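One structure is given below, encoded as structure tokens.
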Amino acid sequence: MLVSSLQLQTPKTPTPLYLKFRTSHRENIRYLKALGIIDPNAKPHNLPSPQAVDQVLSTISFLKSKGIHDQDFSRLAFLCPQLFSNNFDTSEIEPVFDFMITDLHASVQESRGLIVNCPYILFSDVEYCLRPTLEYLRGLGVEKLNVPNKQKAFLLNTRVEKLRVKIRFLRSIGLRYEEAASFCARMPAIFGYNIDDNLMPKYEFLVGEMERSLEELKEFPQYFGFSLHKRIAPRHWHLKQRNVTAKLNRMLLWGNEKFYSKWK
């Protein structure tokens with residue numbers, strides 16, 4: 001969704017001033033189109049008014065002061081169009097930038113990367129969501145949360161209770177709390193996996209069909225990161241047909257050429 005329908009009444013002004021103002025307004029419209037905030041094909045009657053444009057430009061100026069680049073605005077406008085509404089107040093999102101610098105110890109560029117990867121984080125409450133999540137993840141031993149990738153961005157924007165669900169799952173299959181915490185610290189991507197459709201089927205295949213132990217899973221948490229149908233099962237069957245047993249990391253980490261040439 002692009003900003004294309006913000007309409008306010010344009011005040012009447014003398015013709016010379018009006019023409020001069022309209023020239024500036026057209027330049028601003030071109031600028032917002034170039035950034036991807038306004039649909040390049042928007043009809044004239046759907047373009048934002050001068051007052052609305054001024055508000056959007058103010059928001060852009062604020063975001064740029066926080067490290068956001070020109071090439072980032074089209075993504076922000078598409079995923080969070082409310083950022084560029086004519087009644088948006090940048091004070092609503094300023095606490096998130098403060099949190100990233102003060103609590104997360106992220107640099108300006110790291111903050112930018114986290115926000116571009118997950119723009120929704122701008123609208124998360126620092127006190128009730130971001131700070132408790134950060135403290136919980138640090139308590140588990142998850143490190144480098146300021147690294148600006150998609151996984152860390154979405155992880156920071158996840159409520160604590162949703163994170164606890166994965167700890168409870170790991171405990172339900174036999175891990176102690178400390179082991180579950182260490183498991184998640186080594187494999188934080190697990191927090192993004194669905195239990196019923198992903199984790200449980202892989203675990204059942206591991207201990208049932210593959211007859212592997214929980215200890216092997218503890219040694220290689222990355223097991224959960226591989227596709228059951230495209231990687232785990234085909235390679236297991238390939239080895240089983242040859243009466244070969246390999247450690248999980250060798251079975252799954254090797255590329256196809258190395259794996260299938262090793263066990264022809």
Among (1) among the hydrophobic types (A, V, I, L, M, F, W, C); (2) crowded, with 17+ Cβ neighbours inside 10 Å; (3) more than 21 Å from I101 (Cβ to Cβ), the one test that V165 misses: (2)
Residue among N198, N249, N149 that is surrounded by fewer than 15 Cβ atoms within 10 Å (Cβ to Cβ) and within 30 Å of P132 (Cβ to Cβ): N149
Complete set of residues in segment 201-232 that are in a loop (DSSP other than H, G, I, E, B), over 29 Å from the mean Cα position of the chain (by Cα) and loosely packed, with under 13 Cβ neighbours inside 10 Å: E211, S213
Every residue from segment 237-260 that is more than 31 Å from the chain's Cα centre (by Cα) and closer than 25 Å to C184 by Cβ: K247
Check on K218, outside the structural domain of S124 (by TED's automatic domain parsing), in contact (Cβ under 8 Å) with a residue 24 or more places away in the chain and in contact with an Asp or Glu (Cβ under 9 Å, 6 or more places away or on another chain): yes
Members of segment 50-86 found to be over 18 Å from V96 (Cβ atoms), crowded, with 18+ Cβ neighbours inside 10 Å and not hydrophobic (A, V, I, L, M, F, W, C), listed by number: Q55
Within segment 37-65, considering residues that are part of a helix (DSSP H, G or I) and small (G, A, S), the one nearest to the chain's Cα centre (by Cα): S65
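The values are calculated or read from the model by the stated rules, or taken from the named source; none is laboratory data. Predicted, not measured: the structure shown is a model, and the values here were computed from it. Methodologically, a virtual Cβ is constructed for each residue, glycine included, from the backbone with ideal geometry; neighbour enumeration extends over all protein chains shown.
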